[in-house]
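Chemist: Take a look at the following structure, please.
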Amino acid sequence: MEGPAHDPRSFHIPLDASSEPATAIPEVAVPAMPQRPRRRRRRWPWVVAALTLLALIPAFFGLSAWWKWAGVEKLDLSEVMVGSATATNYLVVGTDSREGVDAEVENAGVIFGSEGERTDTIAILRVDGDDVRLLAIPRDLWVPVGGTNRRINAAFSIGGPELLIETVQDQLGIGIDHYLEVDFAGFLSLVDALGTISIDVPHPAFDPKSGLNLPQAGVNELDSTQALAYVRSRSYTEIIDGQERRDGTADLGRVARQQAFLSAVFAELGATRNPMTLLDALGGVADNVRVDDDLGVTTVMSLGLTIRGANPATATLPTTRFFTDGGADVLLLDRPAAATLLAEFA
């Protein structure tokens, strides 16, 4: 007997799945999707921007320095300056002009205590490559000025920068290339821009005439008014073992303190890494400085880079004490002792 016809639409499911092997379903490989090429970041615009910024920064500071220097008063001194054949000599003059000083400034009573305009500081700054030297000229040096023996600082009050330059060149044989003059206001602004100046003293000291007060031995941080009092002190009094001892060297002691101050300024400039501070220093003195008209901003910037952090060799013109017929206590040039030194600065 034939069985029922097989219906092709039917299929057989075994009762026991383990009784017959299951047909494996073949794995179909799915083709990988093609990856988009990674877009490479273009870094060159940032490099260009960075290089442009680096180029603009010195240009900005250079332009700012030029703008500030443009406000400095220039003097035509070319007919009186003979120059040095071996290096560059700057005649640096600090005057006691009160113009531009705030009447409310600390120690105003001392700063405004006398009238007139005289030279408080006279020095030769000699630059020969990286070699920097400083020669202090005591303002009480007794020399012929305009045909009459006077203190050398009288040359400035009588005939201005021209007569002072001529006197230094004629009496000391030092050729001058450039002239730089700063007054009290410029001095105060310079120190204010730098913050403070570090002065190391062996003993506590004071001077009621200049307003100086150094309460402790060692390093004292001087603000602008105390720095001014320090360099102007002629009655410098130390406290040693509880006793007050006044410096009897008068002008020579003051010259030594001025040299210490200038060395401290050079050190502070060298330690300054913020160009804005340097611009502030230049801007602070710009309205209170007079220079010869050949002293351009590029020369000034080059000079600044040279003296930054420099430890200049300092010297004071050798002199002997002398009393004039009128009883004035002055200083005479000790020519034998000064011969070698003057030759080095000629």
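Chemist: If a residue counts only when it is hydrophobic (A, V, I, L, M, F, W, C) and over 21 Å from Leu135 (Cβ atoms), which strands (runs of 3 or more DSSP E) contained entirely in the range 286-346 have at least 2 such residues?
Modeler: Result: empty, no element qualifies.
Chemist: Is it the case, given these coordinates, that Gly270 is over 22 Å from Leu331 (Cα atoms) and either at pLDDT 90 or above or in a helix (DSSP H, G or I) (or both)?
Modeler: yes
Here's the yes/no breakdown for (1) surrounded by 15 or more Cβ atoms within 10 Å (Cβ to Cβ); (2) closer than 30 Å to Arg335 by Cβ; (3) in contact with a strand residue (DSSP E or B) (Cβ under 6 Å, 6 or more places away or on another chain); (4) at pLDDT below 95:
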residue	(1), (2), (3), (4)
Gly159	yes, yes, no, yes
Leu188	yes, no, no, yes
Ala193	yes, no, no, yes
Val231	yes, yes, no, yes
Gly248	no, yes, no, yes
Asp251	yes, yes, no, yes
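Chemist: Residues of the range 287-328 being touching a residue at least 40 places away in the same chain (Cβ under 8 Å) and of a type in the set (Phe, Trp, Tyr), which ones?
Modeler: Phe322
Chemist: Please specify each residue of the range 312-337 satisfying the condition of being more than 21 Å from Thr148 (Cβ to Cβ) and crowded, with 16+ Cβ neighbours inside 10 Å.
Modeler: Hits for the range 312-337 are Pro312, Thr314, Ala315, Thr316, Pro318.
Chemist: Output the number of residues of the range 227-274 satisfying the condition of being free of Cβ contacts under 8 Å to residues at least 40 places away in the same chain and either out of contact with any His (no Cβ under 8 Å at 6 or more places or on another chain) or among the charged types (D, E, K, R) (or both). Spell out how you get there, then give the answer.
Modeler: First, pick out the residues of the range 227-274 that are free of Cβ contacts under 8 Å to residues at least 40 places away in the same chain: 230, 233-249, 253-254, 257, 271, 273-274.
Checking the rest, the ones that are also either out of contact with any His (no Cβ under 8 Å at 6 or more places or on another chain) or among the charged types (D, E, K, R) (or both) come to 230, 233-238, 241-249, 253-254, 257, 271, 273-274.
Going through the range 227-274 one residue at a time, the tally reaches 22.
For every residue, the table says whether it meets (1) within 29 Å of Ala286 (Cα to Cα); (2) touching a helix residue (DSSP H, G or I) at 6+ places or on another chain (Cβ under 7 Å); (3) part of a strand (DSSP E or B); (4) not acidic (Asp, Glu).
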position	(1), (2), (3), (4)
Ser157	yes, no, no, yes
Gly160	yes, no, no, yes
Ile174	yes, yes, no, yes
Leu188	yes, yes, no, yes
Asp192	yes, yes, no, no
His203	no, no, no, yes
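The values are calculated or read from the model by the stated rules, or taken from the named source; none is laboratory data. Everything quoted here is computed from the prediction, not taken from an experiment. Note: ideal-geometry Cβ built from the backbone for every residue, glycine included; neighbour counts use all protein chains shown.
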